[in-house]
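> Submitted below is the structure of interest, expressed as structure tokens.
Every number here is computed from the coordinates shown, using simple stated rules; none is lab data. Being a predicted model, the structure only gives us computed values, none of them experimental. Using ideal geometry, Cβ is built from the backbone for each residue, glycine included, and neighbour counts are taken over all protein chains shown.
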């Protein structure tokens, strides 16, 4: 009887956890986790930023030709991400494994949270965006989640961890040369 009960509990647990699995998750095959991007078309078409890959490498870009942007839902394909990575330069900075794990563990919480309404806050300031990504192995796409947007328009993710991730990404930006 105890054996039957034990097996039943295990099977129910497996079914419960596999049934609730989301399509987009952090995966071993995921190439990028975070992105910081600045765009200003009013000032000489500025476009620069950095990507943090799954190994903690900080990869920078500055006015790359034929950059692949996520669509309006912040979805970008695996092949587009590969093309973008090919246009990046290693900054010489690598995020230590434990710190990368700490911040990547916040992605699922941020992805499941709401974002404030966009407010018009200026003009000709461009926009800075902070994004985190989840990957779907089955359809080979990344789903971005907005952490924060600043500049001509502002909005931010309401999740508690968003401010921590934004602050961490600003520190990274200040520690590398992008422009």
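> Please report, largest first and rounded to whole Å, the three semi-axes of the ellipsoid equivalent to the range 95-179, where each semi-axis is the square root of five times an eigenvalue of the C-alpha gyration tensor.
Semi-axes from the Cα gyration tensor: 22, 18, 13 Å.
> Here's another thing I want to ask about it. Obtain the radius of gyration and the Kirkwood radius of the range 85-135 from its C-alpha atoms and give Rg over Rh.
With Rh from the inverse mean 1/r over Cα pairs, Rg/Rh is 1.06.
> Still on this structure: Take the Cα pairs of the range 22-175, get the Kirkwood Rh, then feed it into Stokes-Einstein at 20 °C and 1.002 mPa s and tell me D in µm²/s.
Here the translational diffusion coefficient equals 136 µm²/s.
> Can you compute the modelled spin-label distance between residue 29 and residue 127, with each label point 7 Å from Cα toward Cβ, in nm?
Roughly 3.0 nm, to one decimal.
> Give me the Kirkwood hydrodynamic radius of the range 59-109 in Å, from all C-alpha pairs, to one decimal place?
Result for the range 59-109 stands at 13.0 Å.
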